[in-house]
Amino acid sequence: MEEMITLCGDNCFACPRYLAKSEEELEKTAELWHRVGWRDRIVSAEEIRCTGCSSHKACTYHLVECIKKHGITKCNQCSCYPCEKINKMLERSKEYQKVCKVKCSKKEYQMLEEAFFRKESNLEK
């Protein structure tokens, strides 16, 4: 499968937010994000829509600012990798993974696993 790996190791080409083409797909994604705890409410299709990471987007872990500071494009290119920010992100991702195993269908979980729960191996590529 073709991949587009983000600076933190997510795979956009497996992400339902990135892949969604219709309002219905975006609405289903918004519901899923709420169900697994990634949003505190079901957000609009416009708010859940994603076109991939870029330098103008905010990052919960402040990784966008960090790669700019270090003059790199991905976290694994940094001389400090893995750093505290990455380790915190990976810990939180493992907690989300546990929640998703319980709250998602098998198909949903497999999709989220490929998109978000292979960060470490994606960053090692």
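The values are calculated or read from the model by the stated rules, or taken from the named source; none is laboratory data. Given the structure is predicted, the values throughout are model-derived calculations rather than measurements. We place every Cβ from the backbone using ideal geometry, glycine too, and count neighbours over all the protein chains shown. Ligands, DNA and RNA are excluded from the accessible area calculation, which covers all protein heavy atoms including side chains. Shrake-Rupley method; radii C 1.70, N 1.55, O 1.52, S 1.80 Å.
Ser44 passes every criterion in (1) in contact with a Phe, Trp or Tyr (Cβ under 7 Å, 6 or more places away or on another chain); (2) open to solvent by 50 Å² or more (accessible area, probe 1.4 Å) apart from (1). Remark: Asn122 matches the filter, which requires a residue to be under 21 Å from Leu7 (Cα atoms), open to solvent by less than 40 Å² (accessible area, probe 1.4 Å), among the polar types (S, T, N, Q) and in contact (Cβ under 8 Å) with a residue 12 or more places away in the chain.
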